[in-house]
Structure formats: C-alpha cells, structure tokens
1. Just checking, does region 95-104 include any residue being surrounded by 14 or more Cβ atoms within 10 Å (Cβ to Cβ), touching a residue at least 24 places away in the same chain (Cβ under 8 Å) and over 14 Å from the mean Cα position of the chain (by Cα)?
2. Restricting the search to region 83-94, which residues are outside any helix (DSSP H, G or I), touching a residue at least 40 places away in the same chain (Cβ under 8 Å) and closer than 17 Å to T58 by Cβ?
3. Considering region 57-81 alone, what residues qualify as being within 14 Å of the chain's Cα centre (by Cα), surrounded by 15 or more Cβ atoms within 10 Å (Cβ to Cβ) and of a type in the set (S, T, N, Q)?
4. I'd like to verify a number: residues in region 112-127 that are touching a residue at least 24 places away in the same chain (Cβ under 8 Å) and either part of a helix (DSSP H, G or I) or surrounded by fewer than 12 Cβ atoms within 10 Å (Cβ to Cβ) (or both), how many?
5. K189 - would you say it is touching a residue at least 40 places away in the same chain (Cβ under 8 Å), of a type outside the set (D, E) and part of a helix (DSSP H, G or I)?
6. When you scan region 32-71, how many residues do you find that are of a type in the set (S, T, Y) and closer than 25 Å to A131 by Cα?
Amino acid sequence: MNDKHRKDEGSASRPGGWRAFFLRPSARYSVATLVVAGVVVGVLFWGGFNWAMELSNTETFCISCHEMKVNVYEEYKDTLHYTNRTGVRATCPDCHVPKAWHHKVVRKIFATNELFHKMIGTIDTPEKFEAKRLELARVVWRTMERTDSRECRNCHDYESMDYMDQSRRAVDRHIAGFDEGETCIDCHKGIAHSLPDMHDEDPSIVIGTVAE
C-alpha cells in the first residue's frame with residue numbers, strides 16, 4: 001500500500017473525515033439549524049431556477065436573438081395576434097410555451113437545441129431562414145397537432161365561441177372541424193407568421209389561414 005493510499009484512508013476514517021461529515025450527526029450544529037439551513041438553500045435554489053424559467057418565458061427574451069426579431073417577429077406584428085380591436089395581445093410564449101409547469105420544463109429542455117443552432121449560425125441570415133422556413137414550420141405544426149393545439153386553447157375555447165359573430169364560412173368550418181376531431185392548427189396554419197413556400201404540398205392544409 002503506497003503512502004498516498006494510507007493518507008486518504010486515514011483521513012476518511014478520522015472523526016473529522018468526509019465520512020463523518022456525511023454520516024454522523026453534527027456536534028457543532030443542531031438538527032434544527034441544519035434543517036433550517038437546508039430549507040433556506042432549497043428555497044434560494046428553487047427561486048433562482050424559477051426566476052430563470054420566467055425570464056426566458058418573455059417576449060423580450062424571445063426576440064433577443066436577431067433571427068427571431070428580424071424574421072418571425074416582424075411578420076407577427078402585422079397580424080391580429082399583435083394588434084386587434086379588443087386590445088388582447090398573444091405574445092410569443094402564449095403560443096409557443098405551455099402554461100403547465102411540467103410541460104413547460106419539457107419544452108425548455110428541447111429548446112436547448114435552438115441554442116446549439118444559434119451558436120453555429122443555422123438561420124443567422126434572412127436567406128438561411130427562408131431556406132429552413134418550411135422545415136421549422138413543420139416542427140411547430142407537428143407539436144401542435146400532437147398536443148391538440150394546447151397553447152391555442154390558452155385563449156380560445158370552443159365552448160366560448162359565439163357563432164353569431166362569425167362569418168358563415170367560419171361557422172361551417174368550425175362545426176365540421178369539431179365534429180371530425182380536427183385541431184386548431186389543422187386549418188389555421190399561417191395565422192401569426194407567413195406561410196412557407198408550399199406549392200408542392202396538399203393545398204387543403206392552407207385553408208383558413210386568416211381568422212374570421
């Protein structure tokens with residue numbers, strides 16, 4: 001046995017070694033003190049984590065990347081989701097980040113992939129963004145289809161719709177869509193952002209791109 005091994009073994013077995021620190025009651029601090037300290041540390045950790053979550057869940061944060069600010073944000077400002085007669089604005093997180101905490105955490109984890117592409121400049125010019133627009137849109141559409149347009153329902157609710165204030169076409173489409181089990185994004189692609197070049201796609205998927 002070499003000297004280093006003996007030294008490490010001796011320090012671990014001494015009363016003040018690391019094993020004693022983790023496994024034996026503290027002679028210096030009471031159990032109550034340790035519990036209170038643990039609670040304080042836990043609260044600070046949780047508060048910091050939640051603060052960071054909420055900070056990254058604002059429109060200001062979303063458009064801090066020029067890729068978003070000069071592309072989709074400019075398009076969004078020309079839509080009813082940004083300015084309308086009721087003065088109710090849907091911001092980026094309202095449409096793209098779940099309200100429920102566990103779903104929100106999952107979304108944030110997947111969003112780390114976006115940080116990687118930010119670093120390597122995947123869409124750092126308008127030309128690159130346009131080349132990727134359809135691919136990016138499909139990712140969002142698939143997510144919304146999978147969640148039954150969950151984020152749309154943060155503001156829109158079937159039960160609250162007043163068909164008397166909708167056009168005849170909108171009423172017919174909504175009733176048919178509800179009966180057929182369709183979800184919002186099935187008809188309302190392009191409602192907040194410009195549609196990608198879809199001339200090779202099934203033309204039926206662009207129906208109802210304007211709110212009525």
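The values are calculated or read from the model by the stated rules, or taken from the named source; none is laboratory data. Computed from a predicted model, the values in this text were never measured in an experiment. Every residue, glycine among them, receives a Cβ derived from its backbone with ideal geometry; neighbour counts consider all protein chains shown.
1. no
2. The answer is A90, and nothing else.
3. N57
4. Of region 112-127, the ones touching a residue at least 24 places away in the same chain (Cβ under 8 Å) are 118, 123-124, 126.
Restricting the remaining residues to those that are either part of a helix (DSSP H, G or I) or surrounded by fewer than 12 Cβ atoms within 10 Å (Cβ to Cβ) (or both) gives 118, 126.
The number of residues fulfilling the criteria is 2.
5. No, not satisfied.
6. Counting residues in region 32-71 that are of a type in the set (S, T, Y) and closer than 25 Å to A131 by Cα gives 1.
A quick yes/no check of all residues on (1) surrounded by 13 or more Cβ atoms within 10 Å (Cβ to Cβ); (2) basic (K, R); (3) at pLDDT 90 or above:
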site	(1), (2), (3)
W18	no, no, no
G42	no, no, no
T83	no, no, yes
T91	yes, no, yes
